[in-house]
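All remarks here apply to the structure that follows.
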Amino acid sequence: MSADRRPAVLVLDVNETLTDMSPLAARLEHVGLPGHLLSAWFAGVLRDGVALTLAGGRAPFAAVARDALLTLLARERPGGADPEAAVEQVLGALPELPVHPDVPEGVRALHAAGYRLVTLTNGAADTTRAVLERAGVADRFETHLDVEGAGGRWKPAPAAYAHALDAVGVPAGAAMLISVHPWDIDGAARAGLATAWLRRTPVPYPSTQRSATRQAAGMTDLARQLGAAVD
């Protein structure tokens, strides 16, 4: 799809694309872990979940995230009390995360402009729904999807994107994947979707991965690029 062609459906990634995960740093500190380990923990969860998919295995996000936290706790506070309780404190915060400030306005503008919106996450659809309900925009989405519907195969496996396309009944050429993650952009592009990369950090886009159809600073910027009216 060229940058000038209007997609019928926008498929939005959730973690870090819509949700601001930075408050989890305080939860890590509360259970005795350095807050700066948040990015390493999340990267490790993605690594292990994708590795399972590549090996032909499967596990839900919560189970992989639990194992990664137990590993961090064992390394950083060996002998600490009740690691399972610590894990529950951290993972229990996921449905309570805020969205990035640009998300509500951008989502409302895109919906008002006639775009069909869906979410697709390696996490849990119920968590997505809880976060977006708190942000007041859950009803702007046609459906909330997770990779359990793709046989537990995590993005960027082709089956994950195929699941989203099947759910909304459109071919790959009629959809655009929106994400902050270059690996997600690359996977969706290889599956035939148009893509939009949200540049939420100064980190450059990897030269080894397929480039995005569009780049935007956030959801409101993307909405403007796609012809939606933004206040």
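A few points about this structure:
- Local net charge near D139, Cβ-Cβ under 14 Å (Lys/Arg +1, Asp/Glu -1): +3
- Peptides ranked, highest mean first, by Cβ atoms within 10 Å: ranges 137-146, 115-124: 115-124, 137-146
- Packing-based ranking of 172-181, 97-106 yields 172-181, 97-106, ordered from highest to lowest mean Cβ neighbour count within 10 Å.
- Here the Karplus relation 6.51 cos²θ - 1.76 cosθ + 1.60, evaluated at θ = phi - 60°, turns the backbone of region 79-91 into coupling constants of x, x, 6, 6, x, 5, 5, 5, 4, 4, 5, 6, 5 Hz, with x for every Gly and Pro.
- Computed E for F42/R224 - FRET, C-beta separation, R0 25 angstrom, nearest 0.05: 0.30
- Computed FRET value (nearest 0.05) for R190 with D82, which takes r as the C-beta separation and R₀ as 35 Å: 0.20
- Rounded to whole numbers, the Karplus 3J(HN,Hα) couplings from phi for region 137-142 are 10, 4, 6, 7, 9, 5 Hz, using 6.51 cos²θ - 1.76 cosθ + 1.60 with θ = phi - 60°, and x at Gly and Pro.
- Whole-angstrom gap from region 88-110 to region 38-70, using each part's C-alpha centre: 21 Å
- Summary of packing: across the peptides 34-44, 188-198, the per-residue average of other C-beta atoms within 10 Å ranks them, highest first, as 188-198, 34-44.
- Dipole magnitude for region 131-231: computed about the Cα centre from +1 point charges on Lys and Arg Cβ and -1 point charges on Asp and Glu Cβ, it is near 400 debye.
- Placed amide H near L226: partners under 5 Å, 5+ positions off or other chain: none
- The residues packed around S179, meaning those with a beta-carbon under 9 Å from its beta-carbon, carry a net charge of -2 if Lys and Arg are +1 and Asp and Glu are -1.
- Using the Cβ-Cβ distance between E29 and S211 with R0 = 41 Å, the FRET efficiency computed as 1/(1 + (r/R0)^6) comes to roughly 0.65.
- With the simple model of a label 7 Å out from the Cα in the direction of the Cβ, A8 to A93 spans 4.2 nm.
- Gain on full stretching of the segment that runs from A63 to R134 - 0.36 nm per residue minus C-alpha separation: 23.1 nm
- Evaluating 6.51 cos²θ - 1.76 cosθ + 1.60 at θ = phi - 60° for every residue in region 213-230, the Karplus couplings come out as 5, 9, 10, 9, 6, x, 5, 5, 4, 5, 4, 4, 4, 8, x, 8, 7, 10 Hz, glycine and proline recorded as x.
- Distance from region 140-173 to region 184-207 (C-alpha centre basis), Å: 17 Å
Where a number appears in this text, it was derived from the coordinates with a stated rule and is not lab data. Small disclaimer: the values here were computed from a predicted structure and weren't measured. Every residue, glycine as well, gets a Cβ built from its backbone with ideal geometry; the counts of neighbours run over all protein chains shown.
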